[in-house]
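Only one structure is covered here, and it is reproduced in the block below.
The values are calculated or read from the model by the stated rules, or taken from the named source; none is laboratory data. None of these values were measured; they are calculated from a predicted model. Glycine gets a Cβ as well: all are built from the backbone with ideal geometry, and neighbour counts include every protein chain shown.
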């Protein structure tokens with residue numbers, strides 16, 4: 001029993017650190033977006049704040065997740081980043097305005113990257129490779145829903161977010177004392193936050209049969225970046241914003257949590273089919289259902305599509321970005337996509353949002369059908385050669 005206890009303790013520390021990191025990431029998406037929507041003079045500028053957060057996250061992750069950062073240095077950085085973030089968030093709705101929010105965005109990005117570094121250090125300290133963070137991510141998502149609460153009250157939201165980052169930083173500070181990342185350890189497995197926003201392998205887009213999974217992974221960006229705005233649209237239809245966040249995050253992690261023992265054995269073809277069906281279902285619902293059920297259905301279907309794609313990458317190194325790939329490059333790419341999304345939504349509103357997701361689903365269906373046709377042609381060719 002004495003030999004088992006330390007291992008169990010290390011696993012528990014890793015699980016808690018993962019949950020904290022995921023809660024920071026998800027609360028950053030929605031919290032930063034909600035505050036920017038309340039403070040920015042236009043929707044385009046609100047999306048620009050989220051884009052800056054992604055860019056800053058990529059830059060911070062390029063430094064914070066490297067080996068060689070000592071626990072004491074990381075501890076000081078956690079405290080400093082938490083104070084800057086909490087102060088900026090709290091002040092942004094109390095006269096500080098956009099300058100305070102810009103400061104908070106930078107601090108939140110650094111804090112999230114440091115949390116990812118703590119997770120990586122604890123993971124490397126394990127004697128046996130730990131399981132993928134599906135349960136921890138789901139717990140982080142649940143914590144995010146509880147912290148965000150009612151998005152319609154930005155002032156109260158800012159207070160909750162400030163308290164949240166202080167509490168998470170304190171917990172990470174305690175956890176990272178037992179984590180010491182060796183300087184020779186390789187970098188993270190994916191370009192940004194360890195597969196949640198993946199930097200796909202070189203040449204991944206050359207294989208059309210992989211497109212459904214790649215597009216499902218990409219679906220997280222327009223949905224999460226627009227979630228505060230979608231919540232505002234749903235409130236106009238008497239749907240609480242907290243309910244929208246709950247069902248979207250639940251769709252992202254719920255099906256994967258239930259199927260986590262089955263997904264590991266799925267073939268690429270089966271994963272592509274599942275992602276295609278989820279993306280297509282979202283497109284059909286958003287086009288056919290009345291408001292607000294169209295947006296709620298889209299949040300569920302495309303959230304599930306992302307979850308399946310994410311889980312498919314966790315057990316398949318060939319579907320992930322190369323180890324040590326640049327978080328900054330991935331962050332810059334997603335920042336540019338977010339800016340483009342902001343321009344579309346600011347000009348076309350919900351219709352622009354609908355078109356983006358319908359295009360994602362349509363391309364995925366076409367690519368999947370092409371894959372079926374290509375496999376059928378190969379079977380016919382092999383059969384013909386056998387007869388000859």
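This table checks each residue for (1) in a loop (DSSP other than H, G, I, E, B); (2) free of Cβ contacts under 8 Å to residues at least 24 places away in the same chain; (3) farther than 25 Å from residue 307 by Cβ.
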residue: 151; (1), (2), (3): yes, no, no
residue: 167; (1), (2), (3): no, yes, yes
residue: 173; (1), (2), (3): no, no, yes
residue: 177; (1), (2), (3): no, no, yes
What do you reckon, is residue 118 part of a helix (DSSP H, G or I), at pLDDT 90 or above and either assigned by TED's automatic domain parsing to the domain that holds residue 21 or crowded, with 20+ Cβ neighbours inside 10 Å (or both)?
no
Being farther than 17 Å from residue 165 by Cα, modelled with pLDDT under 95 and surrounded by fewer than 24 Cβ atoms within 10 Å (Cβ to Cβ) is the requirement here; does residue 62 meet it?
yes
Checking residue 387 against (1) within 21 Å of residue 208 (Cα to Cα); (2) modelled with pLDDT under 65: exactly one of these is not met. Which one?
(1)
From the options 100, 137, 113, residue that is buried (at least 20 other Cβ atoms within 10 Å of the Cβ) and either at pLDDT 95 or above or not assigned by TED's automatic domain parsing to the domain that holds residue 27 (or both):
100
Output yes when any residue across segment 337-346 is at pLDDT below 90, touching a helix residue (DSSP H, G or I) at 6+ places or on another chain (Cβ under 9 Å), buried (at least 18 other Cβ atoms within 10 Å of the Cβ) and within 20 Å of residue 225 (Cβ to Cβ), and no when none is.
no
Could you tell me whether segment 77-99 includes any residue that is over 28 Å from residue 42 (Cα atoms), in a loop (DSSP other than H, G, I, E, B) and touching a residue at least 12 places away in the same chain (Cβ under 8 Å)?
no
Matching residues in segment 31-48 (assigned to a helix (DSSP H, G or I) and either in contact with a strand residue (DSSP E or B) (Cβ under 7 Å, 6 or more places away or on another chain) or more than 17 Å from residue 331 (Cα to Cα) (or both)) number 11
Screening 239, 300, 286, 256 for residues that are modelled with pLDDT of 90 or more and within 27 Å of residue 58 (Cα to Cα) leaves only 256
